[in-house]
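Contents: one structure, followed by commentary.
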Amino acid sequence: MAKRDYYEVLGVGKNVDDKELKSAFRKMAKQYHPDANPDDDTAEQKFKEASEAYEVLKEPQKRAAYDRFGHAAFEDGRGGPGGAGFGPEFSSSMSDIFEDLFGEFMGGGGGGRRQGGRGGSSAARGSDLRYDMEISLTDAYAGKSAQIRVPTSVSCETCSGSGAKPGTSPTTCSTCNGQGAVRSSSGFFTVERACPTCQGRGTVISDPCTNCSGQGRVQKERTLSVNIPAGVEDGTRIRLANEGESGVRGGPSGDLYIFLSIKQHEFFQRDGADLFSRVPISMTSAALGGEIEVPTIDGKKARVTIPEGTQGGKQFRLKSKGMPVLRSSQHGDMYIQVSVETPVNLTRKQKELLRDFESQAKDNSPQSAGFFTKARSFWDSFGS
């Protein structure tokens, strides 16, 4: 049966670049890999077909020959996939793809690569941990040092993290001879899996530590000190290297990631480095003008001058009174938005004074006068 066009096999055009070519092959390889489709001859055939196509098209010289002569370029043992193209160099050239794609088939975690790797190392890196921490806006402004208590796994003191009973030590796994992996053939390929006896560690423990049950670590709560820099924002992540879970059997520790959330403030709303505050003022203060004192995020006071005739919603800017910019000497600004408050619970005398004021107020409310003048014209247009 005639071979299909290699570009057609991978579902790409002849102008495909290396990145798109690799992506197309990865997608097909993951879909049709024999380990993902056991006892499916059709999937295995498609996997071999895609691998053969990629082996040719990923090499510039082979691709140029294929573009010119087609499959005939590799007939009669000319170094194509029908000849010696699937030798050891092929496995080596595509190992980066297979290790990344099929780590789950090979017993690995965290991106498809075994923690211990080859060579019989039983030490696996510990898991990363997450800690959610809530702070106030004033703490975010000034920065702080905080103590946190984190439940985690720490190295077992009884066996010094080895997992073996004191006085004994792990022995080399007889199934994989300390390699941590076993191999099986599948068509053209040799598939490597984590050793089922030692779970990829390369060693086994015949007499485990009674304190940690052979894990080399125990559960414990630790107290850590965290320095929070000034200017952090909601969602900021702080990494504490090697403060996560201890590794298995003496392996390196993972990291601890602290995610910050900032409490809502009673006066201020934050937008980046800028702060916004809504300040109510009386109707007379807005009409006559004056000065008001407002709080700032550093706990001090700032004086704001209110001009005569200030309208509700007017904003005043206080330069450099906002939040610090993280790891910078700069500060944002603070914006005061005034809200003119309508007086309530008026006495009879106050009401009389307001009515007297209203009767004499002809040009004191230009916005409302202009609005209702336009409204009357609008209504009249319907009457006519």
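The values are calculated or read from the model by the stated rules, or taken from the named source; none is laboratory data. The structure displayed is predicted, hence computed values, not measured ones. Backbone-built Cβ (ideal geometry, glycine too); neighbour counts: all protein chains shown. Just so you know, the surface numbers come from the protein's heavy atoms only, side chains and all, with ligands and any DNA or RNA stripped out. Shrake-Rupley method; radii C 1.70, N 1.55, O 1.52, S 1.80 Å.
Quick notes on this structure:
- Portion, in percent, of the accessible area of the chain that falls on carbon or sulfur, probe 1.4 Å: 47 percent
- Separation of alpha-carbon centers, the range 342-384 and the range 225-303, rounded to whole Å: 44 Å
- In loop segments of the range 272-362 as defined by DSSP, the GluC sites (Glu not before Pro) with at most 15 further C-beta atoms inside 10 Å of their C-beta are Glu308.
- Amide H contacts under 5 Å for Gly244, placed H, 5+ residues apart: Gly254, Asp255, Leu256
- Rounded to 5, the percent of DSSP beta bridges in the chain classed as antiparallel: 75 percent
- Length-normalised contact order for the chain - Cα pairs under 8 Å, 6+ apart - percent: 13 percent
- Of the residues Phe47, Pro295, Pro229, the one whose Cα sits farthest toward the positive end of the charge dipole of the chain, with +1 on the Cβ of Lys and Arg and -1 on the Cβ of Asp and Glu, is Pro295.
- Entries of Lys144/Lys263; Lys3/Lys48; Lys263/Lys321; Lys263/Lys319; Lys27/Lys58 with Cα pairs more than 21 Å apart: Lys263/Lys319
- With R₀ set to 56 Å, the beta-carbon distance separating Leu346 from Asp128 gives a calculated FRET efficiency near 0.30.
- Between helix 366-383 and the chain there is an angle of about 80 degrees, using the helix long axis and the longest principal axis of the Cα atoms.
- Here the range 174-260 is treated with +1 on each Lys and Arg Cβ and -1 on each Asp and Glu Cβ, and its dipole about the Cα centre works out to around 320 debye.
- Answer label, with Cα extents along the principal axes in Å calculated from the coordinates and candidates (1) 76, 49, 41; (2) 108, 73, 38; (3) 61, 45, 42: (2)
- Between 0 and 90°, nearest 10: helix 41-57 axis offset from the chain longest Cα axis: 80 degrees
- Angle between the chain longest axis and helix 348-360 axis [Cα atoms, degrees, rounded to 10]: 90 degrees
- One chain, two ends: Lys19 and Ser339. Fully extended at 0.36 nm per residue, the span grows by 109.4 nm beyond their Cα-Cα distance.
- In the context of the full set of protein chains, the chain has a per residue accessible area of 61 Å² (1.4 Å probe).
- Under 21 Å from the Cα of Lys314 - lysines, other chains or at least 8 residues apart: Lys301
- Here the range 204-220 is scanned for amide nitrogen atoms under 11 Å from the site 7 Å beyond the Cα of Thr171 along Cα-to-Cβ, giving 204-207.
- Selection from Pro280, Phe382, Thr158 lying farthest towards where the dipole of the chain points positive, charges on Cβ: Pro280
- Ranked by how many other beta carbons lie within 10 Å on average, peptides 38-44, 168-174 from highest: 168-174, 38-44
- Listed by chain and number, the aspartates and glutamates whose C-alpha is less than 16 Å from the C-alpha of Lys165, apart from same-chain residues fewer than 8 away, are Glu157, Asp207.
- Taking label positions 7 Å along the Cα-Cβ direction at both Leu288 and Lys3, the computed distance is 9.6 nm, reported to one decimal.
- Anisotropy class of the range 123-274 from Cα gyration tensor, a/c 1.5 cut: oblate
- Size of charge dipole - the chain - debye, nearest 20, with Cβ of Lys, Arg +1 and Asp, Glu -1, no other charges: 960 debye
- Placing unit charges on each Cβ (+1 for Lys and Arg, -1 for Asp and Glu) gives the range 229-274 a dipole about its Cα centre, and among Gly247, Phe268, Tyr257 the Cα reaching farthest toward its positive end belongs to Gly247.
- Gain in span if fully extended, Asp234 to Glu358, counting 0.36 nm per residue against the direct Cα distance: 39.7 nm
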